[in-house]
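The values are calculated or read from the model by the stated rules, or taken from the named source; none is laboratory data. If you're wondering where the values come from, they're calculated on a predicted model, not measured in any experiment. Cβ placement follows ideal geometry from the backbone for every residue including glycine, while neighbour counts extend to all protein chains displayed. Only protein heavy atoms, including side chains, enter the accessible area calculation; ligands, DNA and RNA are left aside. Shrake-Rupley method; radii C 1.70, N 1.55, O 1.52, S 1.80 Å.
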Amino acid sequence: MKPIDYYSNEIISKYNPKTTLEHRENIVIESIHQLKLEDDASIIDVGCGDGYFLSRLNQAMSGHINYYGVDYSADQISVAREKHSFNFNTCNLEEGIPFPDKIFNVLYAGEVIEHLYNPDLFLAEVFRVLKKNGYFLLSTPNLNSWINRLLCLFG
């Protein structure tokens, strides 16, 4: 199945998804900050959108960190490249993560796994690209929350 680009310019102009993730992203930023990563550590945001999270993370971190972002949306990657100086690439997670083995100290996937047809492949790829003793941070919406249950009633 071909993935759907929910963050194309056509769809993204209808709402601002950043505000819905900000609380969870703040927790992730604080968690990564507490890791006390060494200089030259590498962090990847899988499902990076326009690079907003990596920009906020960069402001919170000290030392020299290498930031990478991948996203299925070519539109969002284009925006990310215009706004930020990190390494951004388009990526279909149904085909893997296009990086060598054991390259990242931290991999963050915020609100991504629930969109995948093959989450098992994704998890195998996460652990393939993480360095030994690397960190995987994942967030996903709670389908059982009251708001999601209400939204399910309306299709």
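Could you go through the range 58-70 and let me know if any residue there is over 19 Å from PHE136 (Cα atoms), in contact with a helix residue (DSSP H, G or I) (Cβ under 8 Å, 6 or more places away or on another chain) and open to solvent by 40 Å² or more (accessible area, probe 1.4 Å). Checked the range 58-70: no residue is over 19 Å from PHE136 (Cα atoms), in contact with a helix residue (DSSP H, G or I) (Cβ under 8 Å, 6 or more places away or on another chain) and open to solvent by 40 Å² or more (accessible area, probe 1.4 Å).
For ARG24, are the conditions met, namely being among the basic types (Lys, Arg), part of a helix (DSSP H, G or I), in contact (Cβ under 8 Å) with a residue 40 or more places away in the chain and surrounded by fewer than 21 Cβ atoms within 10 Å (Cβ to Cβ)?
When the stated conditions are applied, ARG24 passes them.
In the range 84-98, the residues that are under 24 Å from GLN59 (Cβ atoms) reach residues that are open to solvent by 40 Å² or more (accessible area, probe 1.4 Å) and part of a helix (DSSP H, G or I) with C-beta atoms within less than 6 angstrom, at least six apart or across chains, in these pairs: PHE88/ARG81.
Would you check which residues across the range 25-57 are of a type in the set (S, T, N, Q) and in contact with a helix residue (DSSP H, G or I) (Cβ under 8 Å, 6 or more places away or on another chain) and list them? Hit for the range 25-57 is SER55, nothing else.
Across the range 36-46, the number of residues qualifying as surrounded by fewer than 22 Cβ atoms within 10 Å (Cβ to Cβ) and touching a residue at least 12 places away in the same chain (Cβ under 8 Å) comes to 6.
The number of residues in the range 95-136 that are open to solvent by less than 60 Å² (accessible area, probe 1.4 Å) and either at pLDDT below 95 or of a type in the set (Phe, Trp, Tyr) (or both) comes to 11.
The set of residues from the range 72-92 being open to solvent by less than 20 Å² (accessible area, probe 1.4 Å) and in contact with a helix residue (DSSP H, G or I) (Cβ under 7 Å, 6 or more places away or on another chain) comprises just one member, PHE88.
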